[in-house]
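The values are calculated or read from the model by the stated rules, or taken from the named source; none is laboratory data. Remember, predicted model here, so these are calculated numbers, not experimental data. All Cβ positions, glycine included, derive from the backbone under ideal geometry; neighbour counts span all protein chains shown.
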Amino acid sequence: MKKSLFTESQIVAILKESDAGVPVNEVWRRHGISSATYYKWKAKYGGLDVSELRRVKELEAENASLKRMYAELALENEAIKAVLKKL
């Protein structure tokens, strides 16, 4: 997947421009993005502040960590049950 030229905080700032009243076509031209990119960003980041975006990223990372921990513990539990069943 291609890495974006814009950081997430820059994307939020671009979306805020259009919310402030700048015509959307002008925002696309000024930042060199397509309409599809703009609307994809709007669907993903619309209505978020930079601080909220950071918090969402932190929560996603924490959630991924917890899922990995659960998967490891579930495998360990299954292995212990299998060993106990054989005894």
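For this structure, a couple of remarks:
- Selected residue [surrounded by fewer than 10 Cβ atoms within 10 Å (Cβ to Cβ) and touching a helix residue (DSSP H, G or I) at 6+ places or on another chain (Cβ under 8 Å)] from Ser4, Ser9, Ser34, Ser18: Ser34
- Note on the stretch 44-87: residues that are small (Gly, Ala, Ser), within 16 Å of Thr7 (Cα to Cα) and in a helix (DSSP H, G or I) amount to 1.
- Check on Ile14, over 18 Å from the mean Cα position of the chain (by Cα), among the aliphatic types (A, V, I, L, M) and closer than 25 Å to Lys57 by Cα: no
- Long-range neighbours under 6 Å by Cβ, at least six apart or interchain, first residue within 15 Å of Ala20 (Cβ to Cβ) and of a type in the set (Gly, Ala, Ser) within the stretch 34-48, second surrounded by 12 or more Cβ atoms within 10 Å (Cβ to Cβ) and at pLDDT 85 or above: none
- Matching residues, the stretch 20-43, being over 23 Å from Lys57 (Cα atoms) and assigned to a helix (DSSP H, G or I): Val24, Asn25, Glu26, Val27, Trp28, Arg29, Arg30, His31, Ser35, Ala36
- Beta carbons closer than 7 Å, at least 6 apart along the sequence or on distinct chains, pair a first residue in the stretch 5-23 that is at negative phi with a second that is among the charged types (D, E, K, R) and surrounded by 13 or more Cβ atoms within 10 Å (Cβ to Cβ) for Leu15/Lys42.
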